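The values are calculated or read from the model by the stated rules, or taken from the named source; none is laboratory data. On a predicted model such as this, the values are computed, not experimentally measured, just so you know. A quick note on method: Cβ atoms are made from the backbone with ideal geometry, for glycine too, and the neighbour counts reach across all protein chains shown.
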Amino acid sequence: MDTLDNFDSIDASLDTGTNAAEWGKEAVREQSEKQREKASKTLAGIKRSQKDEGKSKKHSTLLAKIISYIVEHDDQNAALPNVLELLEHGVPANVIISFCIIIHPQALEIVLGEFGYANTFPKVTARQEPIVFDAEALTTDEKNYINLWLEMVFVIITQEVSSLMTRRFLNQLHGTDRDIIIRSLQQFLSLFFVSLRIEPTAALQAYAKFILEQMERKIRQTDLEDIDTGGRVKW
């Protein structure tokens, strides 16, 4: 039988039991809050992923329009093999689009309209007398056109883009696909200069490398959404 002598110990045990119960409830509440927070982050991540995939789909749809135009209006389809090779190697659609618009004025207009720059590009005409490519020998109009094209390239690869696909492209620029990307861009540039009656040379490879370096620099200067964390990352 309990006596007054051990009353304090009984009371202490009751207090301990009460505290344990309260602690247990608090632990459950904390665990529940953590689970809700985790679920909320997971749902937010899913939404960001879906948004990211939607951006990628937008560019894929636009590229499909350009390919259709090339097939229907270019008897030689000279650019098509390069487009297909880039697709086979998983190069992002917006990068391929930025290459295509240098050779097809109508494809350029399709893209300009999509990004809100309709009727902003000047016309560049072919030379009366052919020359061999030399960057220093380009006319002011030719240089301006190339600079405007490059500015449009920056728009295409940094606005409303897929973070996942952009990361892929950066990895490709330093991986096994690098040579393929350089060679393809070189070929697109060759087709452009041929249309101006400028004979391409091996120097275009260095020109293509320079342009890709500028593209990478622009991407890395741009804050893009990190769909894994929901934060903003500097490439």
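Figures for the structure shown
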| item | result |
| --- | --- |
| Subset of the stretch 88-122 that is at positive phi and without any contact (Cβ under 8 Å) to a residue 24 or more places away in the chain - its residue that is surrounded by the most Cβ atoms within 10 Å (Cβ to Cβ) | GLY116 |
| Yes/no for ILE180 being modelled with pLDDT of 95 or more and surrounded by 15 or more Cβ atoms within 10 Å (Cβ to Cβ) | yes |
| Among the residues listed as GLU85, GLU33, the single one being modelled with pLDDT under 80, at negative phi and among the charged types (D, E, K, R) | GLU33 |
| Sole exception among (1) under 21 Å from ALA107 (Cα atoms); (2) modelled with pLDDT of 95 or more; (3) among the hydrophobic types (A, V, I, L, M, F, W, C) for VAL155, by number | (2) |
| Residues within the stretch 62-105 that are of a type in the set (Gly, Ala, Ser) and under 19 Å from ARG178 (Cβ atoms), tallied | 3 |
| Hits in the stretch 150-203 (condition: more than 22 Å from ALA79 (Cα to Cα) and among the charged types (D, E, K, R)) | GLU160, ARG167, ARG168 |
| Meets criteria (out of contact with any Leu (no Cβ under 9 Å at 6 or more places or on another chain), in the same structural domain as THR61 (by TED's automatic domain parsing) and at pLDDT 95 or above) for ASP228 | no |
| Given (1) in contact with a strand residue (DSSP E or B) (Cβ under 6 Å, 6 or more places away or on another chain); (2) surrounded by fewer than 17 Cβ atoms within 10 Å (Cβ to Cβ), number of the condition GLU151 does not satisfy | (1) |
| Selection count, the stretch 154-185, where residues are more than 15 Å from ASN94 (Cα to Cα) and of a type in the set (Ser, Thr, Tyr) | 1 |
| Elements of type helices (runs of 4 or more DSSP H) contained in the stretch 123-217, each with 3 or more residues being without any contact (Cβ under 8 Å) to a residue 24 or more places away in the chain and over 19 Å from ASN82 (Cα atoms) | 140-158 |
